[in-house]
């Protein structure tokens with residue numbers, strides 16, 4: 001019966017947990033968000049945390065659950081060993097690992113490993129967003145997922161060819177909190193708007209220099225001393241510099257020409273990256289990050305035969 | 001009489017103070033190092049701190065003192081306003097500012113300001129090392145001063161044409177202490193040796209990418225997860241990446257070809273930068289940083305007529 005929960009899905013990261021109940025067509029029927037990330041769950045027990053949320057949502061005790069994120073890391077619930085790239089996206093989803101010792105059918109999507117000696121890299125969680133981004137099954141597609149550790153993924157004919165990590169969000173935090181720039185940005189740096197002219201100017205300067213950011217960081221401090229740059233604009237400068245640097249660096253590595261980019265993001269970060277990619281001359285298709293992870297987890301459940309096929313609903317691609 | 005103190009000099013930074021007594025030929029007769037940086041001195045009083053050190057060294061009450069460093073900043077003792085570049089090095093030294101209200105003749109060398117809108121930057125302290133580096137009076141010379149905030153200075157015919165700051169040492173500290181890389185480097189990162197193959201490999205990788213460092217940072221973490229990279233080698237990777245990135249970026253900005261570089265540094269940092277500049281194909285003349293600041297302060301005292309000329313000693317260039 002459409003409308004009844006067919007599967008539960010969970011995005012389980014280091015600091016937070018999100019759980020949804022989906023019907024057989026992938027429609028969200030209920031959602032819970034909590035700060036039950038890895039660290040807390042290791043103390044309370046992963047099964048206990050998950051079952052408490054499912055019970056609170058009224059989920060049946062035999063409803064299957066598909067999980068992605070750091071819960072599948074070595075420090076998580078059950079290690080879902082990395083799938084090596086290149087790998088078809090479908091094969092990643094089908095590699096979901098069954099949590100042993102639970103009556104309920106619970107599986108975790110594996111992360112990805114890029115083992116090349118010159119660019120070792122790992123992903124855990126973003127592979128599922130990628131699977132939910134609605135990429136065409138053929139052609140080359142470049143996907144940008146901004147965040148604490150921004151990921152760029154190169155997809156060719158439905159397979160992950162390679163990827164890279166730019167820790168842009170983390171650089172922003174550690175520089176704003178712990179470097180000399182904390183004097184420039186102030187105690188609680190203002191949220192940066194994509195329309196801020198300082199954001200644009202510093203983003204464009206970084207774009208023009210191929211990802212070289214270190215030689216400009218101190219200029220934010222100096223602009224305060226010499227030109228009276230204020231705290232809100234200093235935050236915009238730093239944000240523009242780091243995001244512009246990331247885009248320049250990734251554009252160079254992946255030789256982006258005029259093909260459209262897929263940007264998987266939400267809210268303010270989506271607006272900043274959308275603007276910055278525009279400054280760089282890229283055409284962007286924006287996919288909501290929350291929607292992408294839900295669709296990806298649903299696809300993973302389908303690929304693993306966890307959802308009864310209902311002829312009246314048709315397949316969701 | 002040669003051998004008697006002719007002047008006292010002090011390098012007074014944010015966290016430490018170094019004082020020397022020099023004879024009329026610039027030879028060091030006595031030295032004291034203390035943690036009496038700006039913060040402590042603002043509490044105790046700059047004059048009291050300086051006089052206590054001079055008294056402990058047996059300096060006469062009328063011995064003149066030349067100072068450089070953050071003591072001349074707005075948060076310091078007396079502000080020695082920035083000299084704008086371009087500026088002849090001699091003019092910087094001659095711009096030393098007299099500390100008012102002291103019986104003793106005490107002066108502070110000004111810092112430098114680069115006011116260009118696209119590259120605002122400031123220096124305070126390094127201008128004095130530059131003056132003591134023994135640069136030829138003509139020609140173009142590029143000077144690298146590694147540190148918490150590395151400075152690169154472009155000198156043309158005895159004048160500072162421009163400069164830039166790369167906060168390489170600070171980036172290393174904040175990333176090692178506060179980013180995800182702290183898990184890779186461990187609690188007390190090992191000192192990095194210039195002969196470490198990981199230092200060389202990551203330095204050369206950074207040199208090949210024009211200063212683009214952000215796209216490789218996370219690979220240090222991933223190399224630990226995928227290839228078993230240990231803590232000491234992770235520290236070497238980060239150091240090589242950041243130093244290589246700085247050199248690549250500065251080489252590009254200042255269009256360094258085959259002219260020799262002047263490296264003003266001491267100890268382990270001098271060895272790391274010497275090696276890294278070698279990987280980049282640069283020929284280097286190494287000047288000891290401690291020696292350079294002493295010579296520069298002595299030159300500043302001479303330029304300001306604070307040292308009685310003694311015909312038997314001859315001039316020191």
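Each value in this text was obtained by applying a stated rule to the coordinates, not by laboratory testing. Treat the numbers as computed from the prediction; the structure is a model and nothing was measured. Positions of Cβ are generated from backbone atoms using ideal geometry, with glycine treated the same way; all protein chains shown enter the neighbour counts.
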Placing the label point 7 Å from Cα along the Cα-to-Cβ direction, what are the distances from residue A:268 to the equivalent spots in the other copies, shortest first, in nm to one decimal?
3.9
What does the average come to when, for each residue of peptide A:112-125, you count the partner chain Cβ atoms lying within 10 Å of its Cβ?
4
If you put a point 7 Å past Cα along the Cβ direction, how far is that point for residue A:188 from the same point in each other copy, in nm, smallest first?
3.9
Shielding by partners for B:223-233, please: the mean number of other protein chain Cβ atoms within 10 Å of each residue's Cβ.
3
By average C-beta atoms within 10 angstrom, highest first, the peptides B:50-56, B:149-155
B:149-155, B:50-56
Report the relative contact order of chain B, percent, no decimals, based on alpha-carbon pairs under 8 angstrom and at least 6 residues apart.
18
I want to check the label-to-label distance for residue A:259 and residue A:115. Put each point 7 Å from Cα in the C-beta direction and report it in nm to one decimal.
2.6
Please report how far the C-alpha centroid of region B:1-32 lies from that of region A:180-227, rounded to the nearest whole angstrom.
40
If you fit an axis through the alpha-carbon atoms of helix B:267-279 and take the longest principal axis of the Cα set of chain B, what angle between them do you get, 0 to 90°, nearest 10?
50
Report, in deg cm²/dmol and to the nearest 500, the calculated mean residue ellipticity at 222 nm for the protein assembly as shown, where each DSSP H run with n ≥ 4 adds -39500 (n - 2.57) and the sum is divided by the residue count.
-11500 deg cm²/dmol
Per-residue mean of C-beta atoms belonging to partner chains within 10 Å, peptide A:206-212:
5
State the extension gain, in nm to one decimal, for the chain segment bounded by residue B:102 and residue B:90, taking 0.36 nm per residue of separation less the distance between their alpha-carbons.
1.8 nm
Do you know the relative contact order of region A:66-131, to the nearest whole percent, from alpha carbon pairs under 8 angstrom that are 6+ apart?
37
Report, in degrees rounded to the nearest 10, the 0 to 90 angle that the Cα long axis of helix A:289-303 makes with the longest principal axis of chain A.
30
Taking the alpha-carbon centre of each part, the distance from region A:256-300 to region B:65-103 in Å is 51
Give the shape of the protein assembly as shown as rounded, prolate or oblate, defined through the alpha-carbon gyration tensor: a ≥ b ≥ c are the square roots of its eigenvalues, a/c under 1.5 means rounded, and otherwise the shape is prolate if a/b is larger than b/c and oblate if not.
prolate
Computed label-point distance, nm, for sites residue A:204 and residue A:187 using a 7 Å Cα→Cβ extension:
3.6
Note down the relative contact order for region A:167-282 as a percent, whole number, built from C-alpha pairs under 8 angstrom at least six residues apart.
33
To the nearest 10 degrees, how steeply does helix A:46-56 sit against the main Cα axis of chain A, on a 0 to 90 scale?
80
Length gained when the stretch residue A:138-residue A:14 is fully extended (0.36 nm per residue, less Cα-Cα span)
41.3 nm
Grab the beta carbon distance between residue A:159 and residue B:33, set R0 = 56 Å, and tell me the FRET efficiency rounded to 0.05.
0.40
Find how much the distance from residue A:266 to residue A:43 grows on full extension, using 0.36 nm per residue of separation minus their present alpha carbon separation; answer in nm with one decimal.
77.2 nm
